[in-house]
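Trainee: Encoded as structure tokens, here's the structure I'll be asking about.
The values are calculated or read from the model by the stated rules, or taken from the named source; none is laboratory data. Predicted model, so just to flag it, every value in this text is computed and none were measured. Here the Cβ is made from the backbone with ideal geometry for all residues, glycine too, and neighbour counts use every protein chain on show. Side chains are part of the model used for accessible areas, which takes the heavy atoms of the whole protein and leaves out ligands, DNA and RNA. Shrake-Rupley method; radii C 1.70, N 1.55, O 1.52, S 1.80 Å.
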Amino acid sequence: MDSAELPFLENIYTDLKKGRHITNMDTDMHRSLSDHFDQYKGLFKALGYKLTRHRLDFFYLSAGPNSALIMQKFAAFYFIFLDHLADNFGTVSEALFNQRFPLPSLPHLKSERYKKIMSEVGVSVERDLENLVGRLQTAGFLHINNDKLITFDSPSHRFLDMCHDLVNPATSSDPIEDSDHD
Amino acid sequence: MKFTARQAVNYFHKHFSVYDALYGLNIPVDEEEFLALVHKHAPSNDPSTYQSILSKSIDFGILEALENAAVKTYELSEAVSALIEHFGQSQSQVTSELIAGYLQQLGRYVERLEATLRQDDDESAILSIRSIDRVLDRIRNDSRNSCRAVLLEAVNIKSSLESTSLRERYTLVNHLWDNHVAPLQEVIDINAAIDSTLGNLSLVLDRLDRHFRHVSAVHTRVVVSQSKLRRMREQTFNVYREAKTSLEPLYKKVQRDGLIAVGAARYLSMFENRAIADVLEEMPDGFLSHSRNEGLFEDFDAEAFTYELIDYRPDVELVLSPPGENSFSASLSLQDVLGAVFEQSSVDDLAKFVEQHFDDSDSRHFFDALCTLAGSGSYNLVLSDEPIEFNFHGEKWRGHSVSLTPQRNKTDG
């Protein structure tokens, strides 16, 4: 199949390029990526991107410097939240994925320590935090419903992997299901 | 000497600390060593009583003398050893240090067995085999106890999920795994050092059986010992499997969650001590795709930024040219710039070229020329690997230099 004929190419390209994660909730795009992964991977590689299929079966593009402000915001948001879960819940991953968290209950602006870190990435008031949650939703890491309840989605595993690999790089939680070490 | 069971038990109780210490040594001791143990664990103002403790212990059958050894030595009788071992089980757990100790003991006994073969000494062989049997029994019992400890702890941990924090559980489960499960693995691991010792032991026992084939007492002990060896390995394997099955899911889960918690805390600590951008820059690959050529209104930052721009008034007047026209100064046209490039054939750095050839050029001449040349299909444009800084008529530019080389037509050969 010619690359131009790949199903949902335009939507997939647009979404992935925006930094969005495509999960099995994006039925058609996910199926197209699953069925034609190698072709998509080659196409994106030619465009300077690295398409990755995470072991938990979602897709994302890697590109751009990690030091970009948005990445700093995402990282600060997640590491604070994981730290909060570890201190207040019996588990981290189970709590993260099995519970819903009211937006006003987020711990990021509730302690001096967390506030200081968040202010370094330009999140100082509730409105900033709400905006950041909106950005995370756009990227596919979580979704928030009308009652302002946050549910974390599988792409959040990428931040869990980062923590795991920092402490134990020897058993790196390689995200890649279809390994591409080129 | 005639005595009642009560008298023997009372005597055993009175000097238990001495016997327990001897049990802990796990090797026979000579008279001087035994008296030193008594002095240490049951000191008396009258040292002459030490000798009496030795002889009474033998009379009560608590100690046995090893008559055939070159130097007369003493050890606890089998029954007393078993009793102390039985009551000591609850404190005894398999640890790596314990395994190393057993390994050392077995190695020593195997050497002794080889010596008895060389000396054709069947009685010493029997005594050594009995010592070996005790070590094998201890490994088996300790493995079973470790398994019990693991099962009990696993149940405790599972039942207190809500009341213990993740960090506490992480420490508990790691301790349990490292101290009780991992050492059992050493016992059954065919690649571990203990396997080679047990293999040697089995071989020496076979040789012993062949060498003393006419001594039925040796044959009987060898058969018993071989079966103890097999039973120890089988039972240890079973308890290991049981302990591992019970703890492994919890261990894996807590291990991963614990690593995540520790990792998150470590990232936060790094964020507090260094610039966040610097910390993230050290990560190997681009984490996110965040290049974009459009603003999206569901993007809150873009939306907020746009609102801020509503009140923005530029302090210079912008002139928008209709399509097809340009806003070049009358003195310098795009055609002038392009003509100079065509004459030059190839150009190392387009910005520098424009700046040096045309005093009245500005940034728009450079960008329009670049876009026109890039779209012409007549030139190969190559960007420098590293960005450079460049002064363009007083403006400080930073970017990749652009070199131009004419494209060869296919018909050029």
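Trainee: What number, in percent, do you get for the relative contact order of chain A if the mean sequence gap of Cα pairs under 8 Å and at least 6 apart is divided by its residue count?
Mentor: Working: 196 pairs, mean separation 39.5, N = 182.
Dividing the mean separation by the residue count of chain A yields 22 percent.
Trainee: Moving on. Where the Cα atoms of the stretch B:97-245 are projected onto their three principal axes, how long is each span, largest first, in whole Å?
Mentor: 66, 22, 21
Trainee: Then there's this: Would you kindly work out the equivalent ellipsoid of the stretch A:58-173 from its C-alpha gyration tensor and give its semi-axes, the square roots of five times the eigenvalues, largest first in whole Å?
Mentor: Values: eigenvalues 82, 59, 51 Å².
Sorted largest first and rounded, they come to 20, 17, 16 Å.
Trainee: Determine the distance separating the Cα centre of the stretch B:1-25 from the Cα centre of the stretch A:94-122; give it in Å without decimals.
Mentor: Taking the Cα centre of each part, the stretch B:1-25 and the stretch A:94-122 sit 65 Å apart.
Trainee: On alpha-carbon atoms, Rg over Rh for the stretch B:33-83 using Kirkwood Rh? Each step should come with its number before you reach the end.
Mentor: On the way: Rg = 11.6 Å, Rh = 11.7 Å.
Reported Rg/Rh, Kirkwood definition of Rh: 0.99.
Trainee: For the stretch B:1-87, which GluC sites (Glu not before Pro) are in a loop by DSSP, counting at most 11 other Cβ atoms within 10 Å?
Mentor: Values: sites: B:Glu31, B:Glu32, B:Glu33, B:Glu64, B:Glu67, B:Glu75, B:Glu78, B:Glu85; in loops: B:Glu67.
Passing both the DSSP loop test and the Cβ count: B:Glu67.
Trainee: Related question: Using the heavy atoms of the protein chains and a 1.4 angstrom probe, tell me the accessible area per residue for the stretch A:1-157 in square angstrom. Kindly include the intermediate steps, with their values, before the conclusion.
Mentor: Numbers: 6680 Å² over 157 residues.
Counting only protein heavy atoms, the per-residue value for the stretch A:1-157 is 43 Å².
Trainee: Continuing with the same structure: Which of the chymotrypsin sites (Phe, Trp or Tyr not before Pro) found in the stretch B:1-86 are in a DSSP loop and have at most 14 neighbouring Cβ atoms, other than their own, within 10 Å? It would help to have the intermediate numbers written out before the result.
Mentor: On the way: sites: B:Phe3, B:Tyr11, B:Phe12, B:Phe16, B:Tyr19, B:Tyr23, B:Phe34, B:Tyr50, B:Phe60, B:Tyr74; in loops: B:Phe3, B:Phe60.
Listed in order of number, the matching sites are B:Phe3.
Trainee: Give me the summed buried accessible area for the B-A pair, 1.4 Å probe, to the nearest 100 Å². Mind showing how you got there, number by number?
Mentor: On the way: alone 26100 and 10030 Å², together 31620 Å².
Between B and A, the summed buried area is about 4500 Å².
Trainee: What are the residues whose amide H is under 5 Å from the amide H of B:Leu66, where those residues sit 5 or more places off or on another chain and H is modelled from the backbone?
Mentor: Amide H neighbours of B:Leu66, under 5 Å, 5+ apart: B:Thr73, B:Tyr74, B:Glu75.
Trainee: In nm, to one decimal, how far is the modelled label at B:Thr4 from the one at A:Phe97, with both set 7 Å along Cα→Cβ?
Mentor: Computed distance between label sites B:Thr4 and A:Phe97 equals 7.0 nm.
Trainee: List the residues whose amide H sits under 5 Å from the amide H of B:Ser401, counting only those 5 or more places along or on another chain, with H placed 1.01 Å from N in the peptide plane.
Mentor: So B:Ser401 has HN proximity to B:Ser384, B:Ile388.
Trainee: What nm value, rounded to one decimal, do you get for the distance between B:Ala340 and B:Arg241 when each label is placed 7 Å out toward the C-beta?
Mentor: The answer from the label model is 8.5 nm.
Trainee: Okay, moving on. Per residue of A:131-138, count partner chain C-beta atoms within 10 Å of its C-beta, then hand back the mean as an integer. Don't skip to the end; give the middle numbers.
Mentor: On the way: counts 5, 2, 1, 5, 5, 0, 2, 4.
Across the residues of A:131-138, the mean count of other-chain Cβ atoms within 10 Å is 3.
Trainee: I need the Kirkwood Rh of the stretch A:22-83: take the reciprocal of the average 1/r across all distinct C-alpha pairs and report it in angstrom. If you can, show how the numbers build up before the last one.
Mentor: On the way: mean 1/r = 0.0754 Å⁻¹.
Mean inverse Cα-Cα distance, inverted, gives 13.3 Å.
Trainee: So which of A:Lys50/A:Lys73; B:Lys14/B:Lys72; A:Lys18/A:Lys41; A:Lys148/B:Lys253; A:Lys18/A:Lys45 end up more than 27 Å apart, counting from Cα to Cα? Could the numbers behind the result be given before it?
Mentor: On the way: A:Lys50/A:Lys73 22 Å; B:Lys14/B:Lys72 25 Å; A:Lys18/A:Lys41 17 Å; A:Lys148/B:Lys253 30 Å; A:Lys18/A:Lys45 16 Å.
Check vs 27 Å cut-off fails for A:Lys148/B:Lys253.
Trainee: Straight distance only, please: which lysines reach the Cα of B:Lys252 with their own Cα at less than 22 Å, same-chain residues fewer than 8 apart left out?
Mentor: B:Lys158, B:Lys244
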